[in-house]
1. Taking interchain pairs and intrachain pairs at least six residues apart, which have beta carbon atoms under 8 angstrom, with the first residue in segment 95-116 and under 21 Å from ARG37 (Cβ atoms) and the second aromatic (Phe, Trp, Tyr) and open to solvent by 10 Å² or more (accessible area, probe 1.4 Å)?
2. Hey, could you check segment 442-484 for residues that are part of a loop (DSSP other than H, G, I, E, B) and open to solvent by 50 Å² or more (accessible area, probe 1.4 Å) and say which is modelled with the lowest pLDDT?
3. Hey, among ALA330, ALA304, which residue is within 15 Å of SER355 (Cα to Cα) and either outside any helix (DSSP H, G or I) or open to solvent by 20 Å² or more (accessible area, probe 1.4 Å) (or both)?
4. Being under 13 Å from LEU175 (Cα atoms) and among the β-branched types (Val, Ile, Thr) is the filter here, so list the residues in segment 59-85 that pass it.
5. In this structure, does LEU11 turn out to be more than 15 Å from MET115 (Cα to Cα) and assigned to a helix (DSSP H, G or I)?
6. Show the residue pairs that are 6+ apart or on different chains and have beta-carbon atoms under 7 Å apart, the first residue being within segment 50-71 and closer than 15 Å to ALA105 by Cα, the second being of a type in the set (Asp, Glu) and crowded, with 24+ Cβ neighbours inside 10 Å.
7. Scan ALA294, ALA310 and give me the residue that is part of a helix (DSSP H, G or I) and open to solvent by 30 Å² or more (accessible area, probe 1.4 Å).
8. Mind listing just one residue for me: the one in segment 269-313 that is of a type in the set (Ser, Thr, Tyr) and modelled with pLDDT of 80 or more and, of those, farthest from the chain's Cα centre (by Cα)?
Amino acid sequence: MAVTVRTWPLLTVLGAGLFLVAVDATVLHVALPDLVRQLRPSAAAQVWIVAIYPLTAAPLLLPCGTLGDRFGRRRVLVTGYAVFGAASLACALAPNVPALLAARAVLGVGGALIMPVTMSLLRELFPDRRARRTAIAVCSGIAGTGSVFGPVLGGVLVEAWGWRATFLVNPPVILAAVVAALRRLPRSPPGRRPWDALSALLAAGGVLGIAAAIGPSGGGFAAGAAGCVLLGLFVRRQRRAESPLLDLALFRRPGVPAAAGGVLLVMSTLVGLGLLLAQYLQVVLGLSPTAAAARLLLVLGASAAGSVVAPALLERFGNARVRTAGFALAAASLAVPAAGGLASPWWLGGALAGSGLGMALALTSSTDTLLTATPADRAGGAAAVEKTGYELGAGLGTTAFGSLAAAVYTARLVVPSTVPDAAARLASAGPAQAEAAADGLAAGVELLSAARAACTASVEVAAAVACGLFVAAAALSALKRPAV
C-alpha cells in the first residue's frame, strides 16, 4: 500500500486505543489512595489491583498478535476495542475488590488484542521505512507518554470525581475508535498460514509462568520453572513446524535481542519508578494528587520530545547507536535521585525530563528494530514480542521495584517506642498507611517523619538499582555490532 496523505490520519484511530491501553497501566498510581479508602483492599490486593492488568495481558500478546496475521488485523483490533470498553465500564462499576480484580483482568485481555495488532498495522500501512519510522515514533511516543500520563489523568479525575472516573473516560473514546476503525481502516485479508493453537497455548502458558513468578504473590521457582519448560516446548515446536507461530530467526537478526530487552527495561523502570515517585510526591512532599501528577508531566513532555526527534536520529545514526544513547541518558538522569536529589525540585525536574527523553529514544529505536526485522505478513509476531516486553516490563516494574521499595522502607522505618503495636504494624505496611496510623497519636508527628524518611530511602535505592541496570544496558548495547 502506498503512503498517501490519507494514510496518516489513521494514526489517530490506532493511537486512541493504544493511548488508553498504556494509560490504564498506570492510571491508578495516583488514584490508589482514594480507592483504598473506599474498597479497603489488603496490602497484597492493592499491588494486585495495579499489576493484574499487565500480568494478564503479557501471556496473551503473542497469541493475539498472530491472530491478526491469520484472521485479519482490523477484525481483531475492533474486537479488542469492544472487550476493552466493556471491561472499563465493569471496573468503574465494581462493588468490591474481587469484582475489580476480575474486571481488570478482562481489561488486560482487551489490551492484549489491541496492542500487537496496532503496531503490526504500521508495517502494513507504512511500507516505506522512512515513513514507518515516523509512524512508529508517534505510536511509541503515544505508548510511552500514555504510561506517564496515566498518573496525571488519574490525579485530575480522582480529585474531581473519585477513582471510578479513571475508568469511565475509556468507553466513549473506545466507541469513537470502533466507528473510525470500521470506516477508515482497510479490511485486512485473512492470512494463508494456519494458526497453531497448540503453539499459542504453549507460549501463553510459558509467559504466564514467568509472570506468576514475578507477580505480587511471588509464584517463585515452581511457577518460573514451569514457564521455562513450556517456553522450551514452544521453541522446539516452532523449530519443527512448517508454518511456525513465531519465526525464531527473528532473534538471530542483529539488534533484535537488545531491542526486546530494551523494551522490557524501559517499561519496568517507567512504570515501577513512576508508582514510587507518585507515592513519594504525595506522602513525603505533601502534594495533592493533581500537583503530584503535574510534576510527572516533565517525563511526559520529554518523552513527547524524544518521539519527535527520534526519526531523524534513527535515519542519521542508526537504531543501535540511538538505543545506546537513550540507555546512557536514562542512566545519567536516574543517578540524580539515587544520589539524594529528590528534595530539590530543580534536580528532580531535570532527572525526570532526562529519563523521559532517554527512555523515549530507547523505546522508539527498539520498536523500529523489531518491526523492521520481519516481512509484513508476519509483523504481528514481531509486534507481539515487543508488546510482551512492554507488558511484562510493566508487571515486573510494579512488583520488583515495589517489593524492593517495601523491603527498604521496612528496614529503614524507625517506629517511636510510644506508638501502640497496632499502629506500628499499620505504619510498617507503607508510607500511605503510616499517615493513617499517625492520625490522632501523641507521637504521630515523629511516626510520620520516620515514615517519610524511610520512603525517601526506598525511592533512592530503587533509582540506584534502575540506574545500574541502564548503565549495564548501555555498555552491552555499545559492545554489540550495529543493527541495520
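The values are calculated or read from the model by the stated rules, or taken from the named source; none is laboratory data. Keep in mind that what you see is a predicted model, and the values were worked out from it rather than measured. Using ideal geometry, Cβ is built from the backbone for each residue, glycine included, and neighbour counts are taken over all protein chains shown. Remember, those area values only see protein heavy atoms, side chains included, never the ligands or the DNA or RNA. Shrake-Rupley method; radii C 1.70, N 1.55, O 1.52, S 1.80 Å.
1. Qualifying pairs under 8 Å: LEU101/TRP48.
2. Taking the candidates together, the pick is VAL484.
3. One residue alone meets the criteria, ALA304.
4. VAL78, THR79, VAL83
5. For LEU11, the condition - more than 15 Å from MET115 (Cα to Cα) and assigned to a helix (DSSP H, G or I) - is not met.
6. From segment 50-71, the pairs are TYR53/ASP24; PRO54/GLU391; ALA57/GLU391; ALA58/GLU391; LEU61/GLU391.
7. None of the others qualify; the one that does is ALA294.
8. TYR280
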